[in-house]
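Structure record follows, encoded as structure tokens.
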Amino acid sequence: MTYFLDTNICMYLLKGTFTSLRDKLLATKPRDVKIPSIVYGELLAGAKESSAPEKSIESIRAFVSQFEIVPLDEAGAEAYGRIRADLLNSGLKGGPNDMIVAATALSRGGVIVTNNERDFSRFTGVHAENWTK
């Protein structure tokens, strides 16, 4: 199984917030863990707003270097289109970055690891797990 880390999960890992999360990650082969490029962008944006941007960016780069950063490709763009159209047709809303994370994982048959299962449950066909529990 391939796992795509959401931004909140990356932040928890960087801060050491949940021991169970760290243990689950350590029990998973690094090649099976991916980071959507939009998540990397969100992490860097947050770092630039921190009190120590250079140190934060360095920590983020060291963390993400362990995993493949996966861009939104053509298949992902098609999945994004389906997800967004489904939401619009059903009258639901979803954050654009969450839709990109979902489309990236969906197009590659992966599972999103998030502490925000509720939001990702609105996206048809997307599977999410919460490793903080």
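The values are calculated or read from the model by the stated rules, or taken from the named source; none is laboratory data. Just so it is clear, the structure is predicted and the values come from calculations on it, not from any experiment. Positions of Cβ are backbone-derived with ideal geometry, glycine not excepted, and every protein chain shown enters the neighbour counts.
A few remarks follow.
- Residue, farthest from Glu68 (Cα to Cα), within the range 80-133, restricted to residues that are of a type outside the set (A, V, I, L, M, F, W, C) and touching a strand residue (DSSP E or B) at 6+ places or on another chain (Cβ under 6 Å): Glu117
- Those residues of the range 91-133 which are closer than 16 Å to Pro36 by Cα, of a type outside the set (S, T, N, Q) and in a helix (DSSP H, G or I), in sequence order: Pro96, Asp98, Met99, Ile100, Val101, Ala102, Ala103, Ala105, Leu106, Phe120
- When the range 37-84 is filtered for residues that are farther than 22 Å from Ala105 by Cβ and not polar (S, T, N, Q), the ones remaining, listed by number, are Ala47, Lys48, Glu49, Ala52, Pro53, Glu54, Lys55, Ile57, Glu58, Arg61, Ala62.
- Residue among Ala102, Ala79, Ala85 that alone is out of contact with any Gly (no Cβ under 9 Å at 6 or more places or on another chain) and either in contact (Cβ under 8 Å) with a residue 40 or more places away in the chain or hydrophobic (A, V, I, L, M, F, W, C) (or both): Ala85
- Selection from the range 10-44 of residues that are among the charged types (D, E, K, R) and closer than 18 Å to Glu68 by Cβ: Lys29, Arg31, Asp32, Lys34, Glu42
- Just one of the listed residues (Gly94, Gly110) is surrounded by 17 or more Cβ atoms within 10 Å (Cβ to Cβ), modelled with pLDDT under 95 and under 24 Å from Asn130 (Cβ atoms), and it is Gly94.
- Residue that is surrounded by the fewest Cβ atoms within 10 Å (Cβ to Cβ) [pool: residues in the range 2-42 that are under 12 Å from the mean Cα position of the chain (by Cα) and charged (D, E, K, R)]: Glu42
- Pairs, first of a type outside the set (A, V, I, L, M, F, W, C) in the range 38-66, second part of a loop (DSSP other than H, G, I, E, B) and at pLDDT below 95, C-beta under 7 Å, six or more apart: Ser56/Ser50
- All positions within the range 29-39 that are out of contact with any Lys or Arg (no Cβ under 9 Å at 6 or more places or on another chain), modelled with pLDDT of 95 or more and under 15 Å from Phe63 (Cβ atoms): Val33, Ile35, Pro36, Ser37, Val39
- Qualifying residue in the range 16-25 (condition: of a type outside the set (S, T, N, Q), under 20 Å from Asn115 (Cα atoms), free of Cβ contacts under 8 Å to residues at least 60 places away in the same chain and out of contact with any helix residue (DSSP H, G or I) (no Cβ under 8 Å at 6 or more places or on another chain)): yes
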